[in-house]
2 protein chains.
Amino acid sequence: MREVSIVGAGMVKFGKYLDTSMKVLAREAVEGALRSAGIEAPRVEAAVVGNAMAGLVTGQECVRGQVVLRDMGIGGIPVVNCENACASSATAFHLAWLYVASGMYDVVLALGMEKLYHADKQRSFAAIGAAVDVELMQEMIAQMNAAQVGLRAKEAGRGEASAAGNGGAGQSRSLFMDLYAETARAHMRQYGTTKEQFARVAVKSHRNGSLNPYAQYQEVYTLEEILASPMIADPLTRLMCSPIGDGAAAAVLCASSLAGRFTAKPVRILASVLSSGADHEPEEPGLQQRVLTKAYEIAGLGPKDLDVIEVHDASAPAELIAYEELGLCPRGEGGRLVDEGATEITGRVPVNPSGGLLAKGHPVGATGIAQISEIFWQLRGEAGKRQVKDPKVGLTDNLGGMVRGEAAAMAVHVLGI
Amino acid sequence: MREVSIVGAGMVKFGKYLDTSMKVLAREAVEGALRSAGIEAPRVEAAVVGNAMAGLVTGQECVRGQVVLRDMGIGGIPVVNCENACASSATAFHLAWLYVASGMYDVVLALGMEKLYHADKQRSFAAIGAAVDVELMQEMIAQMNAAQVGLRAKEAGRGEASAAGNGGAGQSRSLFMDLYAETARAHMRQYGTTKEQFARVAVKSHRNGSLNPYAQYQEVYTLEEILASPMIADPLTRLMCSPIGDGAAAAVLCASSLAGRFTAKPVRILASVLSSGADHEPEEPGLQQRVLTKAYEIAGLGPKDLDVIEVHDASAPAELIAYEELGLCPRGEGGRLVDEGATEITGRVPVNPSGGLLAKGHPVGATGIAQISEIFWQLRGEAGKRQVKDPKVGLTDNLGGMVRGEAAAMAVHVLGI
């Protein structure tokens, strides 16, 4: 297989676009990616489009990619629509990489897009609830109801999916933030990690987001403000949870041997690894370990070589724990890394300079390529006020869904310049 | 890229499975495919799963493949969920082929699955309505309503999506059978094709279906019975329209260089071509011409070399017109081919020996791999009572969705033994 590079990236500012269609969001991202690659649309030989939830939010299933691409005049090429919950667009990027790496096509577009906001909030919750085994979840809810466990209902914008009913079947429940909270509490018990350490991750994310014109939230918060925001699921306050959002992000991939025709600064894809969860014993490596180990192996490098990272911080504790999964520090020492400021933009290994899912936002199917776009810009020195100093190697880590106790999908990309 | 072969195929009898979950249908298809390949599940290195409409029918979006695969103990491998309306599983098969052809994996599973039947029929209709540009369709319906054009509502099982409301948004309309009828009428006007010729296609399909234990409908009908069945959209009677159905089909793909380890009769993939519709002038080749020309070119053969074919007969006229697109006869002479019986199982170029979408059934996301499975069995001489005599080369043609006047996806596979 041949080496593949990214020659262009584009995204729309993440946010709440109730009256803007997916076509408009996707067009802005795709046009940005093509423009930055200096490539006209007819040069694109295939497109892979990641979206997780349009079927349930807008009713547009089946041909999501064709609908937005034909609207911008792109057609007559292979269009693959793929989904993998929150890892949908990293999966799309992986397939676009595969098309080029195989030698089948030279120039391929990867697009991730999502509109989660809907006038009827129950639609958004139903969509998020579909990232698990809906049938099992319904059985579980039925058992919980039978045991008289009442379901909380919250009004807030962040983390609210944690307590929302699943309108898809009208009776299920999305428990992602509850799961993240449980994982956070276990980390606190086992390693003595504190709420303040989790909150410090959120302080960093929001500070970074304030420097990112693409971020959905660009406000700076103090540690006290993070801790004092409404509790979603202890220890997670609202500002430690990723928000609901709309957005799109796109990238143009090209054989490395041809990349010089389009840009003087192609970003090489050193590893593209996708996998899914599995049944395993507690002492066996989990999904994250398996995928990261393989990514390091393929790229021929290790955690010490990483200069900039975008991780899947659906909640602040998820970022802290990702430090350990990535091998940036020994198991249990994620909190110490936070205290040292090692993962700040100016630290020794900056993580989520974009503001991450917490501040940049998390329009599910757009997130993976948005992470990759950020690393693309960072490696090219184009990240403006949030620029990390002279990075050579970056990594993105995108997780999706939950089936039988483990994430349903994980896609990791190692990029270099 | 290296050559890829199919070493196993399996499917569940298509039908109405209101009380059977997708997991059960998928398991039967996957276990059948693995068994026929003599491969244990842990030998599978990646899986690509095609499904079009579960998000809208069952509420299960995002991680459809992981949900059914983990249930049968398959995990820890890349799982890609893809959709392309009625071409969803041929797209899944194409991606599985790409994984192997690229050299990335040796053994990959492709699975297509669909449950269209739902206790609430409006759910099924809403799902089918999502295979077009839902936003444009809603605008069109609004205009039609404003012009006081009443919408018909039919009760029957076949072709009823033609007149059904789109429950996804509660106001749209799936017009597929109306579109097929309009195409049929144009063919009649231009070439003098008759209703009886279309009906004869349906007679053949139902006769073939009666020989296929996997077919949803296994009854034989006379020409008169086909013509006398309720009119869906002139000239399409109900028995000329593909039915709603549930089902699953799976295939195991393997590098041809390794296929001999698993079976003495691997079926080689001579071409795997996917594309999408485009804006074009009437005199320029459309999607079908583009894809078929490319498939013939890659496989290094032409229509005269085909011994058995499965085409996308969502309606009987679609099969007759496909004869011409395929180059089995000159443009306008599809009717003559029917009259000659050339496409019967015993004819010179048998088409849809399985019974096709009309009789075997059309559980959208399962159809593409079911077509491929049929050709796999035909080429291996394992097609029982519907066996074509000694075929060496076969072709499958799978179309999906409709966006801006052309099908949204088409996937063609040329297979040889």
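Could you please let me know if A:Pro350 is under 26 Å from A:Met188 (Cα atoms) and away from every other protein chain (no Cβ under 14 Å)? In short, yes. Before we move on, is B:Arg70 basic (Lys, Arg), at the interface with chain A (Cβ under 8 Å from one of its Cβ atoms) and either over 19 Å from the mean Cα position of the chain (by Cα) or assigned to a strand (DSSP E or B) (or both)? Yes. Just to be sure before I move on: is B:Ile369 among the β-branched types (Val, Ile, Thr), under 11 Å from the mean Cα position of the chain (by Cα) and away from every other protein chain (no Cβ under 14 Å) in the structure I sent? So B:Ile369 passes the test.
With the structure loaded, tell me whether A:Phe176 is at pLDDT 75 or above, within 14 Å of another protein chain (Cβ to nearest Cβ) and under 28 Å from A:Glu225 (Cβ atoms) or whether it fails that test. Reasoning before the result, please.
Numbers: at pLDDT 75 or above: yes; within 14 Å of another protein chain (Cβ to nearest Cβ): yes; under 28 Å from A:Glu225 (Cβ atoms): yes.
Considered against the rule, which asks whether it is at pLDDT 75 or above, within 14 Å of another protein chain (Cβ to nearest Cβ) and under 28 Å from A:Glu225 (Cβ atoms), A:Phe176 comes out as yes.
Within segment B:257-280, being out of contact with any Ser or Thr (no Cβ under 9 Å at 6 or more places or on another chain) and either in a strand (DSSP E or B) or closer than 25 Å to B:Ala85 by Cβ (or both) holds for B:Leu270, B:Ala271, B:Ser272, B:Val273, B:Ser275, B:Ser276, B:Gly277, B:Ala278, B:Asp279, B:His280.
Report those helices (runs of 4 or more DSSP H) wholly inside segment A:307-367 carrying at least 3 residues which are more than 26 Å from A:Asp246 (Cβ to Cβ) and modelled with pLDDT of 95 or more. Don't jump to the end; show me each part of the working.
Working: elements: A:316-326, A:334-340, A:356-359.
Helices (runs of 4 or more DSSP H) meeting the threshold: A:316-326, A:334-340.
Among the conditions (1) modelled with pLDDT of 95 or more; (2) within 11 Å of chain A (Cβ to nearest Cβ), the only one that B:Gly59 does not satisfy is (1).
Yes/no matrix, rows are residues, columns are (1) under 26 Å from A:Gly209 (Cα atoms); (2) assigned to a loop (DSSP other than H, G, I, E, B):
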{"position": "A:Met1", "(1), (2)": "no, yes"}
{"position": "A:Val7", "(1), (2)": "yes, no"}
{"position": "A:Gly10", "(1), (2)": "yes, no"}
{"position": "A:Ala29", "(1), (2)": "yes, no"}
{"position": "A:Arg35", "(1), (2)": "yes, no"}
{"position": "A:Val48", "(1), (2)": "no, no"}
{"position": "A:Ala52", "(1), (2)": "yes, yes"}
{"position": "A:Leu56", "(1), (2)": "no, no"}
{"position": "A:Cys62", "(1), (2)": "no, yes"}
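If you go through segment A:281-317 and keep only what is out of contact with any strand residue (DSSP E or B) (no Cβ under 8 Å at 6 or more places or on another chain) and within 19 Å of A:Gly400 (Cα to Cα), you end up with A:Pro285, A:Gln289, A:Thr293, A:Asp313.
Going through segment A:378-405 one residue at a time, which ones are surrounded by 22 or more Cβ atoms within 10 Å (Cβ to Cβ) and under 25 Å from A:Cys82 (Cα atoms)? Residues satisfying the conditions are A:Gly394, A:Leu395, A:Thr396, A:Asp397, A:Asn398, A:Leu399, A:Gly400, A:Gly401, A:Met402, A:Val403.
This table checks each residue for (1) under 18 Å from A:Thr183 (Cβ atoms); (2) surrounded by 24 or more Cβ atoms within 10 Å (Cβ to Cβ).
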| position | (1), (2) |
| --- | --- |
| A:Asp313 | yes, yes |
| A:Cys329 | yes, no |
| A:Gly332 | yes, no |
| A:Val338 | yes, yes |
| A:Arg348 | no, no |
| A:Gly355 | no, yes |
| A:His362 | yes, yes |
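Any idea how many residues of segment A:218-262 are more than 30 Å from A:Lys195 (Cβ to Cβ), of a type outside the set (Gly, Ala, Ser) and surrounded by fewer than 24 Cβ atoms within 10 Å (Cβ to Cβ)?
Of the residues in segment A:218-262, 3 are more than 30 Å from A:Lys195 (Cβ to Cβ), of a type outside the set (Gly, Ala, Ser) and surrounded by fewer than 24 Cβ atoms within 10 Å (Cβ to Cβ).
Within segment A:79-132, which residues are assigned to a loop (DSSP other than H, G, I, E, B) and either surrounded by fewer than 24 Cβ atoms within 10 Å (Cβ to Cβ) or more than 7 Å from chain B (Cβ to nearest Cβ) (or both)?
Pass one, segment A:79-132, residues assigned to a loop (DSSP other than H, G, I, E, B): A:85, A:87, A:102-106, A:116-120, A:130-131.
Across segment A:79-132, the qualifying residues are A:Ala87, A:Ser102, A:Gly103, A:Met104, A:Tyr105, A:Asp106, A:Leu116, A:Tyr117, A:His118, A:Ala119, A:Asp120.
Quick check on A:Ile39: is it in a loop (DSSP other than H, G, I, E, B) and among the β-branched types (Val, Ile, Thr)? Judged against the criteria, A:Ile39 is a match. Scan segment B:260-275 and tell me whether some residue there is within 14 Å of chain A (Cβ to nearest Cβ) and without any contact (Cβ under 8 Å) to a residue 12 or more places away in the chain. So far as segment B:260-275 goes, no, none of its residues is within 14 Å of chain A (Cβ to nearest Cβ) and without any contact (Cβ under 8 Å) to a residue 12 or more places away in the chain. Checked against the criterion of being modelled with pLDDT under 95, at the interface with another protein chain (Cβ under 10 Å from one of its Cβ atoms), buried (at least 24 other Cβ atoms within 10 Å of the Cβ) and out of contact with any strand residue (DSSP E or B) (no Cβ under 8 Å at 6 or more places or on another chain), segment A:30-53 contains not a single residue that satisfies it. Cβ-Cβ distances below 7 Å connect the following pairs, each with a first residue in segment B:281-308 that is farther than 19 Å from B:Met1 by Cα, a second residue that is of a type in the set (Lys, Arg), and a separation of six or more residues or different chains: B:Asp307/B:Lys392.
Each row is one residue, and each column tells you yes or no for (1) touching a Cys at 6+ places or on another chain (Cβ under 8 Å); (2) hydroxyl-bearing (Ser, Thr, Tyr).
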| position | (1), (2) |
| --- | --- |
| A:Pro317 | no, no |
| A:Tyr323 | yes, yes |
| A:Leu328 | no, no |
| A:Asp339 | no, no |
| A:Ile345 | no, no |
| A:Arg348 | no, no |
| A:His362 | yes, no |
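Every listed requirement among (1) within 14 Å of chain B (Cβ to nearest Cβ); (2) at pLDDT 95 or above is met by A:Glu281 save one, (2). Any residue at all in segment A:361-380 that is under 16 Å from A:Ala249 (Cα atoms) and either of a type in the set (D, E, K, R) or without any contact (Cβ under 8 Å) to a residue 60 or more places away in the chain (or both)? Checking segment A:361-380: at least one residue is under 16 Å from A:Ala249 (Cα atoms) and either of a type in the set (D, E, K, R) or without any contact (Cβ under 8 Å) to a residue 60 or more places away in the chain (or both). What is the one condition in (1) assigned to a helix (DSSP H, G or I); (2) more than 8 Å from chain B (Cβ to nearest Cβ); (3) not β-branched (Val, Ile, Thr) that A:Asp19 does not satisfy? Evaluating A:Asp19 over (1) assigned to a helix (DSSP H, G or I); (2) more than 8 Å from chain B (Cβ to nearest Cβ); (3) not β-branched (Val, Ile, Thr) leaves (1) as the failure. So, in segment A:1-21, of the ones that are touching a strand residue (DSSP E or B) at 6+ places or on another chain (Cβ under 7 Å) and over 20 Å from A:Leu357 (Cβ atoms), which residue ends up surrounded by the fewest Cβ atoms within 10 Å (Cβ to Cβ)? It comes out as A:Arg2. In summary, A:Arg27 fulfils each of the numbered conditions (1) more than 10 Å from chain B (Cβ to nearest Cβ); (2) modelled with pLDDT under 95 with the single exception of condition (2).
Tell me, yes or no, whether segment B:57-65 has at least one residue that is in contact (Cβ under 8 Å) with a residue 12 or more places away in the chain, closer than 30 Å to A:Arg2 by Cβ and crowded, with 24+ Cβ neighbours inside 10 Å. Within segment B:57-65, one or more residues are in contact (Cβ under 8 Å) with a residue 12 or more places away in the chain, closer than 30 Å to A:Arg2 by Cβ and crowded, with 24+ Cβ neighbours inside 10 Å.
A:Asp390 - would you say it is farther than 28 Å from A:His280 by Cβ, acidic (Asp, Glu) and either in contact with an Asp or Glu (Cβ under 8 Å, 6 or more places away or on another chain) or within 14 Å of another protein chain (Cβ to nearest Cβ) (or both)? Yes. Once segment B:172-221 is narrowed to residues that are assigned to a helix (DSSP H, G or I) and among the basic types (Lys, Arg), the residue that is nearest to B:Ala146 (Cα to Cα) is B:Arg185.
The values are calculated or read from the model by the stated rules, or taken from the named source; none is laboratory data. Remember, predicted model here, so these are calculated numbers, not experimental data. Backbone-built Cβ (ideal geometry, glycine too); neighbour counts: all protein chains shown.
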